[in-house]
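Nothing in this text is a laboratory measurement; each read-out follows from the coordinates by a stated rule. The shown structure was predicted, so the numbers you read here are calculated from the model rather than taken from an experiment. Positions of Cβ are backbone-derived with ideal geometry, glycine not excepted, and every protein chain shown enters the neighbour counts.
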Amino acid sequence: MDALKKPKTPDVVPTNYFLPKEFGKIIGATYKYEFGGGNDCEFRGLRLRAISLLMRWAGLSILDATKLERAALSKNEEGDNQIFLYRAKTGVPVYVVIPPDVADLLRSVPNSNPLYFFWSGNGDPRSARKGFQRSYWKLFKLANICREDGSRKRCHPHMFRDTFAVELLLAGNPMDQVSLLLGHSSVKITERHYAPFCKARQQQLTAAVKKSWGSREAKPPGSTYSESGPVIPPTMMIQ
């Protein structure tokens, strides 16, 4: 008898993201952030607020957000603010539009290097990313995001990017479009991480359709429906 094979364990951690009220608490906590010292201490909260909004609305990873150049923010022909993400294999540039207030905040962020929003331009940008990650550990603690059972929700900066993707899917956007904005090399990668939220979208659609059934409450008791409308059972027909 062949030995039973060990079941495969998924190698992808289920995606977690921030609910709108949780994201609001995090942004609110940036106004109270007072950790650390140095010359830029007064700007720590502002910088955290700006980079958090950037990752949430542009879907950037924390490393890409940290080293983002100011030239990547521009306006399209319609006057919308947009972030240049990358150049697709076809050579066509991929942009994502961001809210006006987020763009204005980004432009106001002080930085020693005028070419970047957050990075000094010196050394390895991954070191700057680690600095933000340490700040986020303190920020998330200050925000005190909890689950329904009262336990502390485990938070990390990548959840801003996940929130960007999940909200797009829940809004009904196709997986391939979300994959394009995330810069994934294959839509299969996007599906591995976010397929459960396509199911959630289907559940939303199902609920919407069922809600439209409200007119069925007006039908006579015991009646049924056909393609042409309600069918009154013989026992209720006028003799």
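The charge dipole of the stretch 20-202, taken about its Cα centre with unit charges on the Cβ of Lys, Arg, Asp and Glu (plus for the first two, minus for the last two), comes to roughly 720 debye.
Exposure proxy for Ser61, Ser52, Ser127, Ser186: other Cβ atoms within 10 Å of each Cβ, ordered fewest to most, give Ser186, Ser127, Ser61, Ser52.
Over 32 Å between Cα atoms, which of Lys21/Lys130; Lys89/Lys210; Lys25/Lys75; Lys67/Lys138; Lys32/Lys188 qualify? Going by Cα-Cα distance, Lys89/Lys210; Lys32/Lys188 fall outside the 32 Å limit. To the nearest 0.05, what FRET efficiency results for Gln177 and Phe35 with a Förster distance of 41 Å applied to their C-beta separation? Plugging the Cβ-Cβ distance into 1/(1 + (r/R0)^6) gives 0.60. Derived scalar couplings between HN and Hα for the stretch 49-59 equal 5, 5, 6, 5, 5, 4, 5, 5, 9, 10, x Hz in order, rounded to whole Hz, by the Karplus curve 6.51 cos²θ - 1.76 cosθ + 1.60 (θ = phi - 60°), x for Gly and Pro.
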